[in-house]
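So the structure is just underneath, and the comments pick up after that.
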Amino acid sequence: MSETPFHFPSGKRYNSYVGYFRARYGERLQKVVLDGAMSCPNRDGTLSFGGCTYCDNAAFHPAYSCAGKDLWLQIDEGIEFHQVRYRKACHYLAYFQSFSNTYAPLERLRTLYERALSHPAVVGLVIGTRPDCVDDEKLDYLQALSRGEVMRNWEREIAGVRRQAPIVIVEYGIESCYDTVLERINRGHDFACAQKAVEETARRGIQTGAHFILGLPGESIQQMWDACEKINALPLHSVKFHQLQIVKGTQMEQEFAQYPEDFERFTLDEYVAFFAQILRRLRPDLYIERVAGEVPPRFVHSTPWGLVRNADILKKLDDYMEAKGYCQGDLFLKNPPISLYL
């Protein structure tokens, strides 16, 4: 392997989020998806009844996780599910994924979060939500929770180290850095809203992640590359990227049929080369949680990449980055901004 100017976890040419957990906590921490029976302001009429044009929550919802089922039962079944693939995993992060998981009164959120954290195998929370569904009261609570000031008798041992406070991570769905694109997909918030939420969360010392979709209508390849500058300016700890997948029955499926020229579509090899350029433009301290998404074939309009799995995509990306001599941040460092979150 050729030399890189940085030391990345697991010997990769980018900052692997899995590698971060192994380096920080001494072991792999596996997410267990939970359904807290939340809703979304883009579905209940507060903003809209239609939701985002690309969204069908069932397309990324594991069978063991469903609304109304006790959280401990979801966790137990999720652990059983993951132990088939990740047999060495000993501890888990309760991942509140479905819909907007801060979109409820604080007392209900406390009940859900603390119920999940009371499970003996759970060492932390990952809370997926929208940037317009947080406020000072909720963020102050999450800050206190992450400092061990809420569940005072809570204690776990991870890789021989005793912890008196759970890991708390907030992951915001931002999706695009461009207001025209956010409006087109009926997102219901602008990029300034996302900036404020990320800044307020990170200011409280809470690990903050963000999710982006690559290939949304009206967003060019150059715009997606240019958006890295906006992402770099956010005080994020981690980022997650998905290629756009057209889900059956969504408004976006209809839009794609009418205006296919508005969508950037990639073959697998094209996406790998494209995404390598994303990595080169990102700050080298950002942890990359995901580079592409998997939706079960029965949900999607088409499967142009076949039945390729994420592990295969990662292998192709690793090989491509190595062959080209690229690494995360090599273009960023050629023209860094004045202020860095490093």
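The values are calculated or read from the model by the stated rules, or taken from the named source; none is laboratory data. Because the structure is predicted, anything quoted here is derived from the model rather than measured. Positions of Cβ are backbone-derived with ideal geometry, glycine not excepted, and every protein chain shown enters the neighbour counts. Quick note on the areas: whole protein, heavy atoms, side chains included, nothing else; ligands and nucleic acids left out. Shrake-Rupley method; radii C 1.70, N 1.55, O 1.52, S 1.80 Å.
In this structure, Ala210 does not qualify as modelled with pLDDT of 95 or more, surrounded by fewer than 22 Cβ atoms within 10 Å (Cβ to Cβ) and either outside any strand (DSSP E or B) or within 17 Å of the chain's Cα centre (by Cα) (or both).
Mind checking which residues of segment 282-301 are under 17 Å from the mean Cα position of the chain (by Cα) and not in a loop (DSSP other than H, G, I, E, B)? Matches in segment 282-301: Tyr287, Ile288, Glu289, Arg290. Of all positions in segment 15-36, at least one carries a residue that is open to solvent by less than 20 Å² (accessible area, probe 1.4 Å), of a type in the set (S, T, N, Q), within 30 Å of Lys324 (Cα to Cα) and under 16 Å from the mean Cα position of the chain (by Cα). Quick check: is even one residue across segment 244-256 touching a residue at least 24 places away in the same chain (Cβ under 8 Å), surrounded by fewer than 16 Cβ atoms within 10 Å (Cβ to Cβ) and on the phi > 0 side of the Ramachandran plot? Checking segment 244-256: at least one residue is touching a residue at least 24 places away in the same chain (Cβ under 8 Å), surrounded by fewer than 16 Cβ atoms within 10 Å (Cβ to Cβ) and on the phi > 0 side of the Ramachandran plot. Within segment 302-332, the residues that satisfy the criterion of being surrounded by fewer than 16 Cβ atoms within 10 Å (Cβ to Cβ), assigned to a loop (DSSP other than H, G, I, E, B) and not small (Gly, Ala, Ser) are Thr303, Pro304, Leu307, Val308, Arg309.
Return only the number of the condition from (1) farther than 30 Å from Arg281 by Cβ; (2) free of Cβ contacts under 8 Å to residues at least 12 places away in the same chain; (3) open to solvent by 50 Å² or more (accessible area, probe 1.4 Å) that Phe81 does not satisfy. Going through the list (1) farther than 30 Å from Arg281 by Cβ; (2) free of Cβ contacts under 8 Å to residues at least 12 places away in the same chain; (3) open to solvent by 50 Å² or more (accessible area, probe 1.4 Å), Phe81 breaks only (2). For segment 213-234, filtering for residues that are open to solvent by 30 Å² or more (accessible area, probe 1.4 Å), part of a helix (DSSP H, G or I) and in contact with a helix residue (DSSP H, G or I) (Cβ under 8 Å, 6 or more places away or on another chain) leaves 4.
Which members of segment 283-299 meet the condition of being more than 13 Å from Asn15 (Cα to Cα) and either open to solvent by less than 10 Å² (accessible area, probe 1.4 Å) or at pLDDT 95 or above (or both)? Write out each step before concluding.
Applying the first criterion (more than 13 Å from Asn15 (Cα to Cα)) to segment 283-299 yields 292-299.
Result: Ala292, Gly293.
Filtering Cys66, Cys90, Cys40 for residues that are at pLDDT below 90 and under 24 Å from Thr250 (Cβ atoms) leaves a single hit, Cys66. The listed residues are Ala210, Ala227, and the only one of them that is in contact (Cβ under 8 Å) with a residue 12 or more places away in the chain and within 28 Å of Asp140 (Cα to Cα) turns out to be Ala210. Is it true that some residue in segment 146-155 is of a type outside the set (S, T, N, Q), closer than 17 Å to Glu200 by Cβ and more than 19 Å from the chain's Cα centre (by Cα)? So far as segment 146-155 goes, yes, one or more of its residues are of a type outside the set (S, T, N, Q), closer than 17 Å to Glu200 by Cβ and more than 19 Å from the chain's Cα centre (by Cα).
Rundown of residues vs (1) β-branched (Val, Ile, Thr); (2) over 21 Å from Trp72 (Cα atoms); (3) in contact (Cβ under 8 Å) with a residue 24 or more places away in the chain; (4) surrounded by 22 or more Cβ atoms within 10 Å (Cβ to Cβ), yes/no style:
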position	(1), (2), (3), (4)
Arg130	no, yes, yes, yes
Met151	no, no, yes, no
Glu157	no, no, no, no
Ile174	yes, yes, yes, yes
Arg184	no, yes, yes, no
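Checked against (1) touching a residue at least 24 places away in the same chain (Cβ under 8 Å); (2) closer than 25 Å to Gln277 by Cα; (3) out of contact with any Ser or Thr (no Cβ under 6 Å at 6 or more places or on another chain); (4) assigned to a helix (DSSP H, G or I), Cys193 meets all criteria but (2).
Name the residues in segment 69-121 that are within 19 Å of the chain's Cα centre (by Cα) and assigned to a strand (DSSP E or B), would you? Step through it out loud before you land on a result.
Step one: filter segment 69-121 for residues within 19 Å of the chain's Cα centre (by Cα), giving 78, 82, 92-103, 113.
Matches in segment 69-121: Tyr92, Leu93, Ala94, Tyr95, Phe96.
Quick one: which residue in Gly148, Gly188 is among the small types (Gly, Ala, Ser), within 29 Å of Phe49 (Cα to Cα) and assigned to a loop (DSSP other than H, G, I, E, B)?
Numbers: Gly148 fails: within 29 Å of Phe49 (Cα to Cα).
Only one candidate qualifies: Gly188.
Scan segment 264-273 and give yes if some residue there is closer than 28 Å to Arg28 by Cα, in a helix (DSSP H, G or I) and hydroxyl-bearing (Ser, Thr, Tyr), otherwise no. Yes, some residue in segment 264-273 is closer than 28 Å to Arg28 by Cα, in a helix (DSSP H, G or I) and hydroxyl-bearing (Ser, Thr, Tyr).
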